[in-house]
């Protein structure tokens, strides 16, 4: 079980689901504390036109500046897109996430080492066939078990590596609006080593409890019989927000390669464990090198700005 002291920035399942449900409320419902201006603007957003988006973004940027909230225009846009440009709800989310360190993770230290475990990584160059969604790959057999030594730290690091990838796939406006897909390879998962506590946190993270990325497709591949009967049907699906549950597909490994979800030639980008042609270690080393370089470049750029105000 995840230790409370090690999950300071993680939400309890009930609180996380409550927050997710609140964020999925219709524009006219809104938080009770919303101002009349926010209600009018949120209601006008019902048409989802570019003017309303522009108005909401301007209001959010002005609010963050006045409230001294540490968000860039890009991050404000990301939150707004996640909350469907609902002014009041987005404002509330920005306030709640003012000190959310999951938004600013870097490829170094423990996180760099965590990626080397080959648990979570993006599939660069591959998108889903239908909606052209970027893809995050998760190898469930490498999840922390319920009784492993240091399992609390392991669990936190896996979730943070997931947040890092979700952040990386939510950079452009197009990415923020389209969302992402997630492939969870369940092959070789053992019931005795499966942690329901960790699985719950993973599902909450995919619904936006830690960082604002919309997951529009989840492919659970090669789930064993015990997972289908004991975990998914009776424990997982009932706890998911209904709209998110509809985005989840339980498929076998062969179905992953038939062309329904992924394009022809997808094997060139998939790891061996998912029927692809690439070694996971190769995919991850390339990703680590790229992101380490980009993070260093960003740090240098920030240093230049601070030294030359």
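Rule-based calculations on the coordinates, nothing more; no lab input. Here the structure is a predicted model, which means the values were calculated and not measured. Glycine also receives a Cβ, built like all others from the backbone with ideal geometry; neighbour counts cover every protein chain displayed.
Packing here is the average count of other Cβ atoms within 10 Å per residue, and on that basis the peptides 73-84, 168-179, highest first, run 73-84, 168-179.
Relative contact order (percent) for region 83-178, with alpha-carbon contacts under 8 angstrom and 6 or more residues of separation?
Values: 74 pairs, mean separation 28.1, N = 96.
So the answer I get is 29 percent.
Among 289, 295, sorting on how many other beta-carbon atoms sit within 10 Å of each Cβ, with the fewest leading, yields 289, 295.
By its C-alpha gyration tensor, with a ≥ b ≥ c as the square roots of the eigenvalues, how is region 91-246 shaped: rounded for a/c under 1.5, else prolate for a/b larger than b/c, else oblate? Walk me through the numbers before you get to the answer.
Numbers: a/c = 1.44, a/b = 1.21, b/c = 1.19.
Rounded, since a/c falls under 1.5.
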